[in-house]
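Below you'll find the structure, written out as structure tokens, and then a few comments.
The values are calculated or read from the model by the stated rules, or taken from the named source; none is laboratory data. These numbers were taken from a predicted model, which means no experiment stands behind them. For neighbour counting, all protein chains shown are included, and Cβ atoms are generated from backbone atoms with ideal geometry for every residue, glycine included. Note: areas computed on protein heavy atoms with side chains; ligands, DNA, RNA excluded. Shrake-Rupley method; radii C 1.70, N 1.55, O 1.52, S 1.80 Å.
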Amino acid sequence: MLDNKIIDSNDHQQLELYIHIPFCARKCNYCDFLSFPMKETEHGPYIDQLCAEIRESAALATNYEISTIFIGGGTPSLLDPKYISRIMYYIRRFYTVRPSAEITIECNPASTIAYKFAAYRDAGINRLSIGLQSADNDELRTLGRLHLFEDFLKCYQSARMEGFRNINIDLIDEIPGQTEKSWRETLRHVLMLKPEHVSIYNLIVEDGTPFRAMQEAGTLALPSEDTQAAIDALTREMTERYGYQRYEVSNYAKPGYECRHNYGYWSGIPYLGFGLGAASCFQGERWSNLRSFPQYLALDMASELRQGCPTLHAEHETQSVQDQMEEFMFLGLRRTAGISEVEFKTRFQVDIHSVFGEQLQRYTDEGLLIHEGYRYRFSERGMDVSNFILSDFLLD
């Protein structure tokens, strides 16, 4: 379980930062993230504007210390590393970054070579998240990935040789055409490398993606329910055998290497997001940046921040108590540690059972939730159907 001294929702000085890099070499068949191919000549102007947003937003964080930074996308490793160094320079210049801060960058095996890892290390980045997705080259082609498994191995070896000792590997299961055998081989290849962390996401066919069009045309052959169940069982068995602890629905780590940034999201730590489409949750307010690249580049960031970001923040809402209660449940229950009745009462001044008693009782009776002491958490079976259960904690 994650060290509570590292992630403590009562530590009011903590603040997390997310930096969005929207560029990618090509959209994958399953991807609905805000990302797109863009000429290298556009990289510099975007980073200029991103750094301006970081600089002008610093007044929000005067009383906070940055505990984690996550540079995601898109494909951040597609950029010339000088831009990553510049981003980190601006953050350290205008914010108070804790010496123990976890600083992560997402990497694509097709776009990350040895000299970039050296630049990341010199910029203070101490954690890598490498998007492998599958060790089966046929499955990678199905997903629309540009790399092969052999490219990933070179990428991983370069990162280790450059001294990185905290590496996550992203995988996707339930890929079209995936079998129990191919998933076993993917897990075996990855876990034998002994990464500190593995994220395993179920494929979701999102609207607007090539996979959705294929599904509507009847040409997308997803694994059967029996195969999906076998894949889930295999994941539990092999991660445990190789010494990984499941600490969240989709995340497994060696002891002490849980992703502090993501754990902060699930634990109610405030965060600020910078860049195109980036989301923030800060002081009871939620907002997302606009998603138009030309509009973002055209903004006068100093003027925007002075005026309360009327254009930059395309979506803005004040969280009601009900919103906060819902988030407490459906984010907190994602963790294997679950949620605390005592923390709910402390935060909202009401008993958890007066708000969610019906749902908690129903899923406990069905064996999908476990009630121990003052905590509720998913059972193993509950984890497998967690998305369905979590939706039931929306009060409207």
With +1 at each Lys and Arg Cβ and -1 at each Asp and Glu Cβ, the charge dipole magnitude of the chain around its Cα centre, to the nearest 20 debye, comes out at 1520
Of all DSSP beta bridges having both residues in the chain, the percent classed as antiparallel (nearest 5) is 40
Here the residues of the stretch 97-135 lying in the modelled label zone of Glu65, meaning backbone nitrogen under 16 Å from a point 7 Å along Cα-to-Cβ, are 97-103
Under the 7 Å Cα-to-Cβ spin-label approximation, Asp396 and Arg306 lie apart by a distance in nanometres of 3.6
With Rh as the Kirkwood radius over Cα pairs, the stretch 306-350 has Rg/Rh of 1.18
Dividing the helical contributions, -39500 (n - 2.57) per DSSP H run of n ≥ 4, by the residues of the chain yields a 222 nm value, nearest 500 deg cm²/dmol, of -11500 deg cm²/dmol
For the chain, the per residue accessible area (1.4 Å probe, Å²) is 45
Links exceeding 25 Å between C-alpha atoms in this model, out of Lys82/Lys254; Lys27/Lys254; Lys254/Lys345; Lys154/Lys194; Lys27/Lys194; Lys82/Lys154, come to Lys82/Lys254; Lys27/Lys254; Lys254/Lys345; Lys27/Lys194
For the stretch 100-165, the accessible surface attributable to carbon and sulfur atoms (probe 1.4 angstrom, ligands and nucleic acids excluded) amounts in percent to 52
Long-range share for the stretch 146-209, i.e. C-alpha pairs more than 15 Å apart as a percent of all pairs, stands at 60
In whole percent, the fraction of accessible protein surface over the stretch 211-266 that belongs to carbon or sulfur atoms, probe radius 1.4 Å, stands at 48
Given 241-252, 40-51, the highest-first ranking by average Cβ count within 10 Å works out to 241-252, 40-51
For Leu297 and Asp207, extending 7 Å from Cα along the Cα-Cβ vector and measuring point to point gives, in nm, a value of 2.9
Taking 0.36 nm per residue of separation between Asp226 and Arg347 and subtracting their Cα-Cα distance, the length gained on full extension comes to 39.4 nm
dims of the stretch 246-310, Cα set, principal axes, largest to smallest, nearest Å -> 46, 25, 17
Per residue convex hull volume, Cα only, the stretch 1-160, in Å³ is 133
Dividing the alpha-carbon radius of gyration of the stretch 123-176 by 2.2 N^0.38 Å, where N counts its residues, gives 1.23
Mean Cβ-within-10 Å packing, highest first, puts peptides 284-296, 22-34 in the order 22-34, 284-296
